[in-house]
Amino acid sequence: MSEVKDKLSKVKQDLASISPTMCIAKWKQVTLHLHNGRTHSCHHPYPHGISSKEIQSNPSALHNTSEKKEARKEMLKGKRPKECQYCWNVEDLELFSKGEIFSDRITKSSEHWAHHHLDDIRKLDHKQNVNPSYVEVSFSNLCNFKCSYCSPVYSSKWQEEIETHGPYNTSNKLNNLDYFKRIGEMPLSNKLPNPYVEAFWKWWPDLINSLEVFRITGGEPLLNDNTFKVLDYLTEHPQPNLKLGVNTNGNAPQKLMDSFIEKVRHLVAEKKISAFTAFISLDGYGPYAEYGRHGLNYETWVTNVNKILSEIPGSNIVIMCTTNIFSVPEFKKFVEMTYDLKAKYSRRRINVDINILRFPHHQNLTILTESFKTSFDDTLAYMKANEAKTGAEIEAPGFSVHEINSLERLIEYVKNGPHPKEKIALTYARADFYKFVTEHDRRRGTKFLETFPQLQSFYDICKMLS
Ligand code: SF4
């Protein structure tokens, strides 16, 4: 632990040699939402619009926007860009000044794709265009799922539903298209040429030379031809130092899934990339996960994960769990399934990333009644009893400290409630829960109470408040 602290303290000092607010991610990391022409660096600041005019002559303006250049200027002068408030909140804590904790500004800057660029950045002025080393890209919102906490911005299925039925009748009119239009987040049509995707491909032959990590997200990336275009490009133009990541819901049509696996298998086997990680979402066990992620077939998901692990030797899987009310029943079974995968393959190849869902408020775990606060305790006991061994037993299956910590953090959150700044209006949130599942069942033919008999008492309270 102190080794990690020492490393981060050293990075903090290195950054301070340029300025006390310097962050390499502002130059070298980007998320590109090409489906609605927005971008941010890193993923914490709220995405802002890309100039469709500027990218015609300079496709790197997908990343090097004037907003970002302003933020870089502020950082170089030791000022705090407002968009990075996520980090300043951490840096205002006494523990940060004492070197006990570190903000993402420091941890990101210490990453393998970031730190070695510091001296190059030192020589630049804020106006210069820079190619990033870490790119995450979404080509479109095309998706075959409509997960309960997602939106038309990221799912074409959600978009179709809202276009047909209108927004949900919750207090904030969930997924109202007028709202997304007003804030400039509506995705461009998937049937028309997209100028941001065109600019991306214009930039690509130059961009690829600087890339160290490339991750494709969506929508469901396997439904998008651009994902396969990237794989074909890498087959023709090997990048032996590139780490490739792809997000998937694990339930794309089987023909696409199989073709995807075959192409990546070739890239890995021929060492045309250095590593491959599939980031696969799943928020709980069996029928509960299927309710929360509409479109999911749990058995198919498990089959496809096994296919990736067995047919792409050396590949890794990150199971992304956005834990919410629908995750609660039999959560331990979900974690046991991940243990079985670790036992069958190698524990190093499978990571479970347990995250806390904060919005929409009606799916936030903290609105459950008192009796549910211990729902995850048996899972934590199970994970601790199966903590990964070190030393001679290093290859034995088990959960890493990081995985166990992520569940501990979740349990703390459920027991103590959200941060005061995120205060939830409980009555509204519970009433919205009832309205949401009632409308969900009506529109999608699901049956909440039949699927979740364990949540009957909570449901009754929510119904009373609606
Ligand atoms: S300062 Fe923090 S929020 Fe801003 S780019 Fe760096 S890591 Fe992201």
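Which residues, counting only those in the stretch 162-206, are β-branched (Val, Ile, Thr), farther than 29 Å from GLN239 by Cα and part of a helix (DSSP H, G or I)? Give the steps one after another, and end with the answer.
Taking the stretch 162-206 first, the residues β-branched (Val, Ile, Thr) are 162, 164, 170, 183, 197.
Next cut, farther than 29 Å from GLN239 by Cα only: 162, 164, 170, 183.
Once the filter is applied, which keeps residues that are β-branched (Val, Ile, Thr), farther than 29 Å from GLN239 by Cα and part of a helix (DSSP H, G or I), the stretch 162-206 yields ILE162, THR164.
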- Note on the structure: Per the list (1) assigned to a loop (DSSP other than H, G, I, E, B); (2) within 13 Å of the ligand (Cβ to nearest atom); (3) without any contact (Cβ under 8 Å) to a residue 60 or more places away in the chain, residue check on GLU74 breaks on (1)
- Query: Taking the stretch 159-217 as the search range and keeping residues that are of a type in the set (Phe, Trp, Tyr) and touching a Leu at 6+ places or on another chain (Cβ under 8 Å), which one is nearest to HIS33 (Cα to Cα)?
  - Reply: TYR196
- Checked against (1) surrounded by 12 or more Cβ atoms within 10 Å (Cβ to Cβ); (2) free of Cβ contacts under 8 Å to residues at least 60 places away in the same chain; (3) away from the ligand (no atom under 14 Å from the Cβ); (4) among the small types (Gly, Ala, Ser), SER103 satisfies every condition except (3)
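Of everything in the stretch 79-99, what is farther than 18 Å from HIS44 by Cα and either in contact with a Lys or Arg (Cβ under 8 Å, 6 or more places away or on another chain) or within 13 Å of the ligand (Cβ to nearest atom) (or both)? Give them in sequence order. Reasoning before the result, please.
At the first step, the residues of the stretch 79-99 found to be farther than 18 Å from HIS44 by Cα are 93-99.
Selection gives PHE96, GLY99.
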- Tell me which residues, restricted to the stretch 17-66, are within 25 Å of LEU223 (Cα to Cα), part of a loop (DSSP other than H, G, I, E, B) and within 12 Å of the ligand (Cβ to nearest atom). HIS43
- Among the listed residues ALA252, ALA269, which satisfies the condition of being of a type in the set (A, V, I, L, M), modelled with pLDDT of 95 or more and surrounded by fewer than 18 Cβ atoms within 10 Å (Cβ to Cβ)? ALA269
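How many residues does the stretch 106-119 contain that are part of a helix (DSSP H, G or I) and within 11 Å of the ligand (Cβ to nearest atom)? I'd like the intermediate steps shown before the answer.
We begin by selecting, within the stretch 106-119, every residue part of a helix (DSSP H, G or I); these are 106-109, 115-119.
Remaining after also requiring within 11 Å of the ligand (Cβ to nearest atom): 106-109.
Count: 4.
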- Task: Scan the stretch 107-126 and report the pairs whose first residue is farther than 20 Å from GLU74 by Cβ and whose second residue is part of a loop (DSSP other than H, G, I, E, B) and away from the ligand (no atom under 16 Å from the Cβ), with Cβ atoms within less than 8 Å and a gap of 6+ or a chain change.
- Result: HIS112/GLU212; TRP113/GLU212
- Within the stretch 361-387, residues aliphatic (A, V, I, L, M) and within 25 Å of the chain's Cα centre (by Cα) come out as LEU365, ILE367, LEU368, LEU380, MET383
- Looking only at the stretch 381-389, decide whether some residue is part of a loop (DSSP other than H, G, I, E, B) and among the polar types (S, T, N, Q). yes
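The values are calculated or read from the model by the stated rules, or taken from the named source; none is laboratory data. Everything numeric in this text was worked out from a predicted model, so none of it was measured. Cβ atoms come from the backbone with ideal geometry, glycine included; neighbour counts cover every protein chain shown.
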